[in-house]
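K.L.:
If you scroll down you'll find the structure; I have some questions about it.
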Amino acid sequence: MNKQLSGGCFCGSIRYTFEHGDYLTANCHCTMCRRTSAAPFVSWIVVPNNHFRYTAGKPKLLKSSGHGSRYFCPDCGTPIACILDSHPDVIDITLCSLDTPETIIPEHEVYTETRMPWLTTNK
């Protein structure tokens, strides 16, 4: 059996698990991620749908654009996931909703053209 990673929302209403794997990770600086999280960027891990499942609760859907849907806890508001029409076979999971987010380091920076000008990186 493959190692599982688990996570969920702040209040514990939403829980999920997925198979550990070598998945794409990125810090997204797009304006939509910033607005829906009220943060300067959102860190994501991109997981194949067939490796991911919710184990408790049901997230609320926010149709955030004509090509994407975001999912969050209806009780505490924690952003959990995003699914884009262009990649329906994967689910983007908010990295910091993992139980152990410190074990995964984002490898990419995306939409850097809209990065907050006061944000610096350690590169």
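Since every read-out is calculated from the coordinates, none of them should be taken as a lab result. It should be emphasised that the depicted structure is a prediction, and the values quoted were computed from it without experimental measurement. Positions of Cβ are generated from backbone atoms using ideal geometry, with glycine treated the same way; all protein chains shown enter the neighbour counts.
K.L.:
Quick one: which residue in PRO88, PRO106, PRO74 is outside any helix (DSSP H, G or I), in contact with a Ser or Thr (Cβ under 7 Å, 6 or more places away or on another chain) and not hydrophobic (A, V, I, L, M, F, W, C)?
P.N.:
Testing whether each residue is outside any helix (DSSP H, G or I), in contact with a Ser or Thr (Cβ under 7 Å, 6 or more places away or on another chain) and not hydrophobic (A, V, I, L, M, F, W, C) leaves just PRO106.
K.L.:
State all residues of segment 13-54 that are touching a residue at least 40 places away in the same chain (Cβ under 8 Å), assigned to a loop (DSSP other than H, G, I, E, B), out of contact with any Gly (no Cβ under 8 Å at 6 or more places or on another chain) and surrounded by fewer than 18 Cβ atoms within 10 Å (Cβ to Cβ); if no residue qualifies, say none.
P.N.:
Hits for segment 13-54 are LEU24, CYS30, PRO40.
K.L.:
For residues that are among the hydroxyl-bearing types (Ser, Thr, Tyr) and more than 19 Å from GLU19 (Cα to Cα), scanning just segment 55-96, find the one that is surrounded by the fewest Cβ atoms within 10 Å (Cβ to Cβ).
P.N.:
SER86
K.L.:
Taking the condition over 14 Å from ARG15 (Cβ atoms) and among the β-branched types (Val, Ile, Thr), does ILE80 pass?
P.N.:
Numbers: over 14 Å from ARG15 (Cβ atoms): no; among the β-branched types (Val, Ile, Thr): yes.
No.
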